[in-house]
Amino acid sequence: MNRILLADDDIELCVMLKQYLEVEGFQVGMAHDGESALNQARTSDYDMVVLDVMMPQLNGFDVLRKLRKDSLLPVLMLTARGEDVDSIIGLELGADDYLPKPCNPRVLVSRIRAILRRIQSQKQHGEESAPPEILKLDDLEVQTGSRTVALNGRPVTMTSTEYSVLEVLLREAGHVVSKTELSERALGRELTRYDRSIDMHLSSLRKKLGPLANGEERIKTVRGVGYQYTR
C-alpha cells in the first residue's frame, strides 16, 4: 500500500481528500503547515508528497526547496488555478508534476498513480539491469540501471521526472519527439490542455546540462512539432 503525505492548511479539504485516497487504496498522512510537512517528508516512510503552495510557517516552495537538498521523494504540487507562475516555480524547484486547485479528486488520483507507476517501473528496470545499460552521447553519459547522469565525468543531480525526460530524448537522439509522446513516455500520462510541465522540465534540463561543447543547443525545440536531442 502506497503512503501519501497530504500537506495543505485547508483541514477540511485535506480530510476530504484523505478519505477519497483511502477508498482508492492509499495510506494517507496529513500536515497543515510547512514545517510539519518538511519534517514528516524527511523522517517518515512516504512514497510521495502532495504539497500545497500556500501554507503557514513555510510555504510549499520553501518546503520543496529544502526537501530537494537531500531527497528526491516524488512531489506533486497543488497550485492556485490560473497562477501559471506557481506551477513554473514548482517545477523549476524540482516538483515532479503539478495540479491546479480546486482539483477533481479523480484527476488527483490519476496523477498520483502515474507518478508512482513511473517510479515503480524505474525501480524494476534498475533491478533487472545487470550490468546497467549505458547511454553515451558526446559529453553526456547516463547509467540506466542506477539512473545517474554525468556531464564531462561530473555527476548531475536530477529529479526522477527530469531523468525520465532526458532518457526518452537520448534514446531518440537526432529525432524529434512530440510533446504528447514525451508526456506519455516520461510522465506516464496523457498531455492535458495548457499543460506546461514538459516545457518546464526541459527548461530545467537545459539549465543543468548547458549547450554542447561546440556551443550548439543540446536540446532543440522544433516549433509545432516537438523536441530533439542534438546528435
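Please count how many residues of the range 100-151 are open to solvent by 50 Å² or more (accessible area, probe 1.4 Å), modelled with pLDDT of 80 or more and more than 30 Å from Leu212 (Cα to Cα). Give the derivation first.
Initial filter on the range 100-151 (open to solvent by 50 Å² or more (accessible area, probe 1.4 Å)): 102, 104, 106-107, 110, 113, 117, 120-121, 123-125, 127-128, 130-134, 136, 138, 141, 146-148.
Checking the rest, the ones that are also modelled with pLDDT of 80 or more come to 102, 104, 106-107, 110, 113, 117, 133-134, 136, 138, 141, 147-148.
Still in the running and more than 30 Å from Leu212 (Cα to Cα): 102, 104, 106-107, 110, 113, 117.
Residues in the range 100-151 being open to solvent by 50 Å² or more (accessible area, probe 1.4 Å), modelled with pLDDT of 80 or more and more than 30 Å from Leu212 (Cα to Cα): 7 in total.
From the list Gly224, Gly188, pick out the single residue that is open to solvent by 20 Å² or more (accessible area, probe 1.4 Å) and in contact with a Lys or Arg (Cβ under 6 Å, 6 or more places away or on another chain). Steps first, please.
Working: Gly224 fails: in contact with a Lys or Arg (Cβ under 6 Å, 6 or more places away or on another chain).
Checking each option against the conditions leaves just Gly188.
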Task: Of all residues in the range 191-217 being in contact (Cβ under 8 Å) with a residue 24 or more places away in the chain and touching a strand residue (DSSP E or B) at 6+ places or on another chain (Cβ under 7 Å), the one that is most open to solvent (accessible area, probe 1.4 Å) - done: Lys208
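The values are calculated or read from the model by the stated rules, or taken from the named source; none is laboratory data. Because the structure is a prediction, the values reported are computed rather than measured. Cβ atoms come from the backbone with ideal geometry, glycine included; neighbour counts cover every protein chain shown. Heads up: the accessible areas ignore ligands, DNA and RNA and are worked out on the full protein's heavy atoms, side chains in. Shrake-Rupley method; radii C 1.70, N 1.55, O 1.52, S 1.80 Å.
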